[in-house]
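The values are calculated or read from the model by the stated rules, or taken from the named source; none is laboratory data. In this text, all values refer to a predicted model and were calculated from it rather than measured experimentally. All Cβ positions, even for glycine, are placed from backbone atoms using ideal geometry, and neighbour counts span all protein chains on display. Ligands, DNA and RNA are excluded from the accessible area calculation, which covers all protein heavy atoms including side chains. Shrake-Rupley method; radii C 1.70, N 1.55, O 1.52, S 1.80 Å.
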Amino acid sequence: MKNISILGSTGSIGTQALEVVDVCNDICVKGLSANNNTSLLEQQIRKYKPEIACIMDEKLYASFKASVADTNTKIVCGTDGLCQVAGINSADSVLTSVVGNVGLLPTVEAINAGKDILLANKETLVTSGSIIMPLALKKNVKILPVDSEHSAIFQCLQGNENNRISKILLTASGGPFFGKTKEQLKNVTKKDALAHPNWSMGAKITIDSATMMNKGLEVIEAKWLFGVEPDNIEVYVHRQSIVHSMVEFCDNSVIAQMGVPDMKLPIVYAIHYPERRFPVCEKLDLFKCNTLTFAKPDIDTFECLGFAYDALKIGGTMPAVMNAANEIAVSRFLNDEIEFLQIPYIIRKTMDAHTVKHNISITDVINADLWAREYGALI
């Protein structure tokens, strides 16, 4: 049996992971967590009977605990509770699918407890890749990517451990605004930005896709996961979302991983790695695809992608500051406080105001994150 904990079980990735559990007959859920979706978390507790579950919103703790008092599941709350779910003894691996830098501390907890990490939380490596990857190596823990792009790269590298990578070719859907100019983006609405053409994702990640910050975060992740320098990571806009990413090797050979756009495929691959065990999505029919296209991203219009390259090259606390400023800006946009084009403006202003610290610790990352949130909220 594969014993897993799922952080963010009521979100897009978490619910799809539980769909994988339903299809497979060899996965046992030991822990669950949700931010504030108590009704869905209660359903999950009653169906999967985990040992422990966390509700992040501490104001909901008492009433939620009472609502599931007839079960055998231990209920915890807040960041401490999330860390308890991540470190539970009975789990072999932890799927980290919470959104934002809240995933950092439980990931560290899980690594220290010797759990393999099924990584769907971009921000952990974006803000702290220089800390997380050496820690995982020290603890002999696998970091198995769940993002479709990084899973694709990871799959392309299987059997190629001794072959030198020339470039990583990271594909992007281009989001709902591909081909638009800045002038055309001035009056886009929240509804427009949330209308992703190919993927069903949570609101924050969908907005990140619309700004192309999502791809910027993935560039930073790719550097830490695969040891490739920023100049050797190229983004290709691929509207069909069939080629999930590619690897170019030193002999100019390119290997791609392809499939229908369905997150259950990388989820099940990470859970059962290195085996391929269960079909969980539709077969790819290339005759129906007809045409696969690739284009350069427009970094002048979608500035956030360029910001990510800048932050990665600067290093230290800058990626954490960029990420926190983005989280604040996206939250403000979703709350109808700012317009779409103010998202990159807030990020750039916050990055420019930051004094970078290098040779960082987890505390440095947390402090930089807090500073950027406070600064970005006032712009």
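What number of residues within segment 225-245 satisfy the criterion of being open to solvent by 20 Å² or more (accessible area, probe 1.4 Å) and within 24 Å of Gln16 (Cα to Cα)?
The total comes to 3.
Here's a check for you: in segment 246-259, which residue that is in a loop (DSSP other than H, G, I, E, B) and open to solvent by 30 Å² or more (accessible area, probe 1.4 Å) is nearest to Pro279 (Cα to Cα)?
Ser253
Go through segment 51-66 and count every residue that is buried (at least 16 other Cβ atoms within 10 Å of the Cβ) and farther than 15 Å from Val29 by Cα.
Residues in segment 51-66 being buried (at least 16 other Cβ atoms within 10 Å of the Cβ) and farther than 15 Å from Val29 by Cα: 6 in total.
With the condition kept exactly as written, say whether any residue in segment 182-195 is in contact with an Asp or Glu (Cβ under 8 Å, 6 or more places away or on another chain) and either closer than 29 Å to Val108 by Cα or part of a strand (DSSP E or B) (or both).
No: zero hits.
Could we say that Ala311 is touching a His at 6+ places or on another chain (Cβ under 9 Å), among the small types (Gly, Ala, Ser) and farther than 30 Å from Gly259 by Cβ here?
no
When you go through (1) polar (S, T, N, Q); (2) surrounded by fewer than 24 Cβ atoms within 10 Å (Cβ to Cβ); (3) under 14 Å from the mean Cα position of the chain (by Cα) one by one for Asn214, which number turns out not to apply?
Looking at each condition in turn, Asn214 falls short on (2).
Kindly indicate whether Val268 is of a type outside the set (Gly, Ala, Ser) and either buried (at least 18 other Cβ atoms within 10 Å of the Cβ) or closer than 23 Å to Ser9 by Cβ (or both).
yes
Scan segment 135-157 for residues that are in a loop (DSSP other than H, G, I, E, B), more than 13 Å from Ala270 (Cα to Cα) and not charged (D, E, K, R) and report the count.
Count: 3.
To keep it simple, each residue is scored yes or no on (1) open to solvent by 20 Å² or more (accessible area, probe 1.4 Å); (2) under 21 Å from the mean Cα position of the chain (by Cα); (3) acidic (Asp, Glu); (4) over 30 Å from Ala329 (Cβ atoms).
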residue	(1), (2), (3), (4)
Lys115	no, yes, no, yes
Ala120	no, yes, no, no
Leu125	no, yes, no, no
Ser151	no, yes, no, no
Asn163	yes, no, no, yes
Thr181	yes, no, no, no
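Open to solvent by 20 Å² or more (accessible area, probe 1.4 Å), under 20 Å from Ile207 (Cβ atoms) and over 19 Å from the mean Cα position of the chain (by Cα), is that true of Arg277?
No.
In a loop (DSSP other than H, G, I, E, B), open to solvent by 10 Å² or more (accessible area, probe 1.4 Å) and basic (Lys, Arg) - does that describe any residue in segment 350-362?
There is at least one residue in segment 350-362 that is in a loop (DSSP other than H, G, I, E, B), open to solvent by 10 Å² or more (accessible area, probe 1.4 Å) and basic (Lys, Arg).
Taking the criterion of being more than 18 Å from the chain's Cα centre (by Cα), of a type in the set (Val, Ile, Thr) and over 23 Å from Val280 (Cα atoms), would at least one residue in segment 21-43 satisfy it?
yes
Could you list all residues from segment 280-292 that are surrounded by 10 or more Cβ atoms within 10 Å (Cβ to Cβ) and part of a loop (DSSP other than H, G, I, E, B)?
Val280, Cys281, Glu282, Leu284, Leu292
Working only within segment 1-45, note down all residues that are assigned to a helix (DSSP H, G or I), in contact (Cβ under 8 Å) with a residue 40 or more places away in the chain and closer than 19 Å to Gly202 by Cβ.
Hits for segment 1-45 are Ser12, Ile13, Gly14, Gln16, Ala17, Glu19, Val20.
Name the residue, out of Ala377, Ala368, that is open to solvent by less than 80 Å² (accessible area, probe 1.4 Å), touching a residue at least 12 places away in the same chain (Cβ under 8 Å) and within 26 Å of Ala193 (Cβ to Cβ).
Just a single option satisfies the conditions, and that option is Ala377.
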